[in-house]
Every structure is written in C-alpha cells, then in structure tokens.
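Chemist: The structure is given below, and queries will be raised subsequently.
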C-alpha cells in the first residue's frame with residue numbers, strides 16, 4: 001500500500017489562497033503526472049498541472065471530495081489536480097476514487113481535454129483506509145473545515 005499526504009500551502013501569486021496538492025509516498029502528484037506524461041511522450045511542458053484551490057471552487061467537504069463524493073464529479077471521476085494557473089477546469093487530472101472498508105484506491109486517470117491519452121500505466125494507487133482518513137482529518141483541520 002502507498003501512503004498519502006495532502007500538502008497545503010499558500011499561493012502568494014493568487015492572493016495567498018491555500019492550495020492542496022496530494023503526495024503519494026512523499027512525491028507530489030504534480031511531479032508524478034508530469035514525469036508520466038513526459039515519459040509517455042504526451043507532454044513536453046515542464047509545468048501544466050497545479051493544485052486544487054478550494055477557496056475558488058465548491059468541491060464540497062474535502063474529506064468527501066477525496067473519498068470520491070465530490071460536488072465536481074465528471075462521469076464518476078473527481079479532480080485531483082487542476083491547472084497551474086489556478087483554474088481546476090482548465091487542465092484537470094481526474095480519477096475514480098474507490099473506497100472500501102479497508103482501503104482507498106485511485107484509478108482510471110483521465111485528462112478530459114485530451115481523451116485519446118492513455119493513462120492505464122499510471123496507478124492504480126491504493127492506500128490503507130486508516131492512514132488515508134487520518135490525512136483527510138489533517139487536511140480538514142489545515143483548511144479550517
């Protein structure tokens with residue numbers, strides 16, 4: 001099983017709003033997806049994906065969002081990342097989040113603006129439920145929810 005961390009940090013370039021970036025086994029998801037897309041020949045830019053900024057968009061409670069029950073679902077997928085510009089819908093990374101009584105799994109990744117891209121080699125990423133929920137609670141606290 002992988003470990004999850006939800007990194008929060010201020011975005012001074014966007015008026016000091018707080019952004020959320022998931023990290024898997026200590027590696028930011030933005031870095032994982034950039035590396036995956038470059039190695040697969042999908043992308044040459046060094047910076048395309050960015051964080052989610054809950055103050056800008058109604059994702060609903062973040063613990064529910066990251067358990068797959070987001071108010072921003074798209075055909076069963078939820079945004080894990082947005083565009084580096086701060087707008088999640090501009091360039092999102094979507095995934096299905098499947099929660100069981102023991103684990104949470106991120107799978108079936110998609111970039112909805114490039115439907116021909118094949119992300120089958122990315123993930124799935126499975127997390128132990130207790131550790132995942134502890135990180136969600138830390139995220140809720142950090143975001144004042």
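Chemist: Given (1) out of contact with any strand residue (DSSP E or B) (no Cβ under 6 Å at 6 or more places or on another chain); (2) crowded, with 18+ Cβ neighbours inside 10 Å; (3) on the phi < 0 side of the Ramachandran plot, identify the lone condition not met by residue 39.
Modeler: So residue 39 meets the others, but not (2).
Chemist: Please determine, by comparing only the residues of the range 1-16 that are without any contact (Cβ under 8 Å) to a residue 24 or more places away in the chain and under 12 Å from residue 55 (Cα atoms), which one is surrounded by the most Cβ atoms within 10 Å (Cβ to Cβ).
Modeler: Here the answer is 10.
Chemist: Among the listed residues 83, 90, identify the single one that is out of contact with any helix residue (DSSP H, G or I) (no Cβ under 7 Å at 6 or more places or on another chain) and surrounded by fewer than 16 Cβ atoms within 10 Å (Cβ to Cβ).
Modeler: It is 90.
Chemist: From the list 31, 13, 35, pick out the single residue that is within 26 Å of residue 118 (Cα to Cα), in a helix (DSSP H, G or I) and more than 13 Å from the chain's Cα centre (by Cα).
Modeler: 35
Chemist: Let me ask something additional. In this structure, is residue 70 closer than 20 Å to residue 134 by Cα and modelled with pLDDT of 95 or more?
Modeler: Judged against the criteria, residue 70 is not a match.
Chemist: On to the next question. Is at least one residue of the range 48-62 in a helix (DSSP H, G or I) and crowded, with 16+ Cβ neighbours inside 10 Å?
Modeler: Yes: one or more hits.
Chemist: Also: Report whether or not residue 19 is at pLDDT 90 or above, surrounded by 13 or more Cβ atoms within 10 Å (Cβ to Cβ), within 14 Å of the chain's Cα centre (by Cα) and over 15 Å from residue 95 (Cα atoms).
Modeler: yes
Chemist: Looking only at the range 67-80, count every residue that is buried (at least 19 other Cβ atoms within 10 Å of the Cβ) and touching a residue at least 12 places away in the same chain (Cβ under 8 Å) and tell me the total.
Modeler: Number of matching residues: 4.
Chemist: Residues in the range 95-112 that are surrounded by 20 or more Cβ atoms within 10 Å (Cβ to Cβ), under 19 Å from residue 42 (Cα atoms) and at pLDDT 95 or above: how many?
Modeler: Total satisfying the criteria: 2.
Chemist: All but one of (1) modelled with pLDDT under 90; (2) under 22 Å from residue 12 (Cα atoms) hold for residue 92; state the number of the condition that does not hold.
Modeler: Condition (1) is where residue 92 drops out.
The values are calculated or read from the model by the stated rules, or taken from the named source; none is laboratory data. Source: prediction; values computed, not measured. No Cβ is skipped: glycine too gets one built from the backbone with ideal geometry, and neighbour counts run over all protein chains shown.
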